[in-house]
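Asks: Take a look at the following structure, please.
The values are calculated or read from the model by the stated rules, or taken from the named source; none is laboratory data. Note that this is a predicted model, so its numbers are computed, not measured. Don't worry about glycine lacking a Cβ; one is built from the backbone with ideal geometry, like all the others, and counts go over all protein chains shown. Side chains included, ligands, DNA and RNA excluded: accessible areas come from the protein's heavy atoms. Shrake-Rupley method; radii C 1.70, N 1.55, O 1.52, S 1.80 Å.
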Amino acid sequence: MGKCDGRCTLLVICSLQLVAALQRQVFDFLGYQWAPILANFLHIMAVILGMFGTVQFRFRYLIFYAVWLVLWVGWNSFIICFYLEVGNLSQDRDFLMTFNTSLHRSWWMEHGPGCLVTPVLDSPIAPDDHHVITVSGCLLDYQYIEVLSSAVQVLLALFGFVYACYVSKVFQDDEDSFDFIGGFDSYGYQPPQKSSHLQLQPLYTAG
């Protein structure tokens, strides 16, 4: 019963992680955030692998999933620190998220709740093929939306890590107990042996 409950809970957590990652991937694509896009893709693959390991009783897949969650927590912690500009981190360093391929920032910067976007015409600081805008009236600034999104990812990852360790421990204990009783050998099963000599018996018939 405990193993079933743990597996079901882990599958629910993985499903929530998958939905949250896909939702985040869509908005990162809209904002041309290439570094988060790559990280989200790897996370989606790891979550799918974790779900497969949970369903198929694959101990090693769950270990890989748990190790990835540690890296995922570290990445999202970096995202939180980046948008809150902790230490020497600054949002002006666009190359951290876009690999220095564009000047785009978070999609939520212009499309946050209540945001009013006003274009600035003929701005002398606008690069070629770009325009300058001002954003005002946002109910929640885009950096806090990104922080909340990363915080949800961290929370799900922590729960996933705990349950992945628990379920993998249950799987390992089951394997050890099966090996301890000797598997199928405990039933004394022996395969049929072929005789190398054929013994002929006389055949008597009534005359």
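Asks: From the list Val12, Val47, pick out the single residue that is crowded, with 17+ Cβ neighbours inside 10 Å and either assigned to a helix (DSSP H, G or I) or among the basic types (Lys, Arg) (or both).
Replies: Val47 is the lone residue from the list that is crowded, with 17+ Cβ neighbours inside 10 Å and either assigned to a helix (DSSP H, G or I) or among the basic types (Lys, Arg) (or both).
Asks: Now for a separate question. Does any residue of region 18-35 turn out to be β-branched (Val, Ile, Thr) and farther than 22 Å from Leu158 by Cβ?
Replies: Looking for residues that are β-branched (Val, Ile, Thr) and farther than 22 Å from Leu158 by Cβ, one finds at least one in region 18-35, hence yes.
Asks: Asp28 passes all but one of (1) of a type in the set (Asp, Glu); (2) assigned to a helix (DSSP H, G or I); (3) exposed (fewer than 14 other Cβ atoms within 10 Å of the Cβ); which number fails?
Replies: (3)
Asks: Would you be able to say whether some residue in region 51-64 is out of contact with any Phe, Trp or Tyr (no Cβ under 7 Å at 6 or more places or on another chain) and within 21 Å of Val147 (Cβ to Cβ)?
Replies: Scanning region 51-64 turns up no residue that is out of contact with any Phe, Trp or Tyr (no Cβ under 7 Å at 6 or more places or on another chain) and within 21 Å of Val147 (Cβ to Cβ).
Asks: Right, next: Yes or no: Gln56 within 28 Å of Asp173 (Cα to Cα) and either touching a Gly at 6+ places or on another chain (Cβ under 7 Å) or hydroxyl-bearing (Ser, Thr, Tyr) (or both)?
Replies: Spelling it out, it is not the case that Gln56 is within 28 Å of Asp173 (Cα to Cα) and either touching a Gly at 6+ places or on another chain (Cβ under 7 Å) or hydroxyl-bearing (Ser, Thr, Tyr) (or both).
Asks: Please determine, by comparing only the residues of region 59-80 that are without any contact (Cβ under 8 Å) to a residue 40 or more places away in the chain and open to solvent by 50 Å² or more (accessible area, probe 1.4 Å), which one is nearest to Gln25 (Cα to Cα).
Replies: Across region 59-80, the extreme among qualifying residues is Trp75.
Asks: Is it true that Val167 is in contact with an Asp or Glu (Cβ under 7 Å, 6 or more places away or on another chain) and at pLDDT 75 or above?
Replies: So Val167 fails the test.
Let's see how each residue does on (1) modelled with pLDDT of 75 or more; (2) surrounded by 11 or more Cβ atoms within 10 Å (Cβ to Cβ); (3) touching a strand residue (DSSP E or B) at 6+ places or on another chain (Cβ under 8 Å); (4) of a type in the set (A, V, I, L, M, F, W, C):
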position	(1), (2), (3), (4)
Ser123	no, yes, yes, no
Asp129	no, no, no, no
Val147	yes, yes, no, yes
Pro192	no, no, no, no
